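Trainee: My questions all concern the structure below.
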Amino acid sequence: MPRIKLRDLCGTRSGDKGDTVNIALFAYDPAAYEAIKHEVTAARVAAHFGGLIGGPVQRYEAPNVLALNFVARNALGGGGPRSLRSDNLGKTLGGALLRMEIDVPGPVADQAPRRRPDLSLYGSD
Amino acid sequence: MTVRLAGGQGFYGDSVTAVTGLLEAGVDYLCLEALAELTLAILQKDRLRDPGAGFTRDLPFYLQLAMPYVAAGRTKVITNAGGINPAAAGQEAAKVAARLGLSGLRIATVTGDDLIPRLRTVSALPGALANAETGEPWQDFPGPVLFANAYLGAGPIVAALADGADIVITGRVADPSLFLAPLSYEFGWAPGDWDLLAAGTVIGHLCECSGQVAGGNFSGDWWTIEQPWNLAYPIAECEADGTAVITKPPGSGGRVDFDTVRHQLLYEVHDPTGYITPDVVADFTTVRLDDLGGDRVRVSGVRGREATGTYKALACYPAGWSGEARVAFGWPDALAKARATEAILRKRTEMAGIAVDEWLAEYWGVNALLGAAAPAMPQAATDDLPEVLVRMVWRCADAQTAGRVGRELVPLALSAPPWGMTGAGRGMTGRPSQLLGLWPALVPKELVNEQVRHDITDLPEISDSTAV
């Protein structure tokens, strides 16, 4: 099975509530959703973040939008206005999760959109 | 009948420039969400300095743009910008109307979310106000209460609209309730209509963060979003059966499609099968999103269930003071020099006998955002980094102590590891700032409802009124 970064299979958005962060992954198609549902467990996400997250990680499924939602406690250094961290709201944690590599069926890897920025709309080459 | 709602503000400090486009596109209600979790702490400090303050200071700018449309009967405004002092915000709204020469407007202010007057009564109930994250009882609340507010629901806003209010200004209200309220009022939705209330909650949730549903903070092919400097804020075209189309004003930048909308659907959501608001428990996994093309996404199918018996409350306490310093080092051995500097500052602080309760060092370009979770870099790569910025941040009991730590850094300008340390921008150290702890809790609704009310102010008639 090919290994592929989550970056090439899904989008993400993360946000805070107190000292809890939620990280949603949005698969680009149903086959990619099945692949991340199989591979990206709560335990793997907890291991991926290691000591950055102090509490348990819980996973929820939202198949209607091909999404997994991870909720991690004690994750923001005490919560937005209390945390010493630059990323006190966990805004970058979704992107950090996209670095995770998972094994996927060949067709899923072949169909992965592998999007990369092109700033031509921003007036630069 | 279609009711058009606009999400004109997503936080205190948001841009007002999208509002005119929304108003010109034609919306029945302009909903302005101004209160993030910590915003009430900022507003509480304002009110301590000035009893007439405590609402968001950008409210007058929004009202100045919207009021001519309100006076012309083209829209109504609903906002939680009243913050810690909705009554004062209502008076400010009257002043804006007077400046614009507008008359005949009816302004409602909703109060009762402030729990401080009732803390003794509420906390006497076993388990009430226990910390919902940690389980600690209220008796262990660490320090003075800077604010304690319940998140109210749509009810008092619906009541104000039924009394003919043109502008409704509240304090803490659950964000989606600002949007559900006008739908409940217009369509006659009531407690018991759980699917409809859940549908209105989803519509509100999608629109409450302004540009975030229209291509802002979007992780997909974000670089293809048109005119991101002119990003659209959303409009929801809502029907009595609970369905809606999320769209944006013509000519605006941004994008509304399946991908941008689903990104917002799960933003700051925990269990998507049970999104709890004061009004309903909505099942976000029942939401059906149909991309109609042309920046239109249809929302349907939403199911909900009976609301809980409690409001969420959020209390806040002072949690010490932080200071920080940022210095940069260049090649060679930039990371090693930065690490040495951090160690020197810590040692000097210890030698000076300054009490530091918590330290954090972030190495920008290496591990600043992720700390322990940053991917390991090979030794050869870290040895060869062209530059490293270290941000050192510390927590102390008071502002004076936090400031003393920063002063221990200054002599290092001539005594640090070689090739000198460089301030990152103007000034290596910032002024100490107060840290705040949040205490989420639940409180029985009936104890809060006793004090919830809305007050109506009718602005006097002025002849020669101007309207759009």
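Derivation of every value follows stated rules applied to the coordinates shown; laboratory data play no part. Please read these numbers as outputs of a predicted model, since none were measured by experiment. Methodologically, a virtual Cβ is constructed for each residue, glycine included, from the backbone with ideal geometry; neighbour enumeration extends over all protein chains shown.
Trainee: Of the listed peptides A:103-110, B:441-448, A:60-67, B:379-386, what is their order by residue-averaged count of other C-beta atoms within 10 Å, with the highest listed first? Let's see the in-between values first.
Mentor: Numbers: A:103-110: 15.5, B:441-448: 18.4, A:60-67: 20.2, B:379-386: 12.4.
Order by mean packing, descending: A:60-67, B:441-448, A:103-110, B:379-386.
Trainee: Calculate the length of the line joining the C-alpha centroid of the range A:42-72 to that of the range B:321-396, in whole Å.
Mentor: About 29 Å separates the Cα centre of the range A:42-72 from the one of the range B:321-396.
Trainee: Also: To make sure I understand the rule: partners must be aspartates and glutamates, Cα under 12 Å from the Cα of residue B:445, and not fewer than 8 residues away in the same chain. Which ones qualify?
Mentor: B:113, B:279
Trainee: Let me ask something else. Name the helices (complete DSSP H segments) of chain B with a Cα length along the long axis of 27 Å or more and a Kyte-Doolittle mean of at least -1.0, or state none. Intermediate values should be presented prior to the final figure.
Mentor: Numbers: long enough: none.
Correct list, ordered by number: empty.
Trainee: Let me ask something else about it. Working from Cα positions, state the angle (0 to 90°, nearest 10) between the long axis of helix A:30-39 and the longest principal axis of chain A.
Mentor: 50
Trainee: Provide the FRET efficiency to the nearest 0.05 for the residue B:239-residue A:122 pair, computing r from the beta carbons and using R0 = 35 Å. Numbers along the way, then the final one.
Mentor: On the way: r = 38 Å, r/R0 = 1.09.
The value I calculate is 0.40.
Trainee: What does the average come to when, for each residue of peptide A:59-69, you count the partner chain Cβ atoms lying within 10 Å of its Cβ? Could the numbers behind the result be given before it?
Mentor: Details: counts 0, 9, 3, 11, 1, 11, 13, 2, 8, 2, 8.
That works out to 6 on average.
Trainee: Can I ask one more? Rank-order B:44-57, B:144-157 by packing density, defined as the average count of other C-beta atoms within 10 Å over each peptide's residues, highest first. Can you show the working numbers first?
Mentor: On the way: B:44-57: 17.2, B:144-157: 23.6.
Answer by packing, highest mean first, reads B:144-157, B:44-57.
Trainee: Give me a single rounded figure for A:26-35: the average over its residues of other chain Cβ atoms within 10 Å of their Cβ.
Mentor: Working: counts 8, 0, 2, 0, 0, 0, 0, 0, 0, 0.
Mean partner-chain Cβ count within 10 Å for A:26-35: 1.
Trainee: Separate question: Which percent, nearest 5, of DSSP beta bridges in the protein assembly as shown are antiparallel? Don't skip to the answer; put the middle values down first.
Mentor: Values: 85 of 102 bridges.
Percentage antiparallel, nearest 5: 85.
Trainee: Mind checking which lysines have their Cα closer than 16 Å to the Cα of residue A:91? Skip sequence neighbours fewer than 8 apart in that chain.
Mentor: A:17
Trainee: Please compute, for peptide A:84-93, the average count of beta-carbon atoms on other protein chains lying within 10 Å of each residue's beta-carbon. Numbers along the way, then the final one.
Mentor: Working: counts 14, 8, 9, 5, 1, 4, 1, 2, 3, 3.
Partner-chain Cβ atoms within 10 Å, mean over residues of A:84-93: 5.
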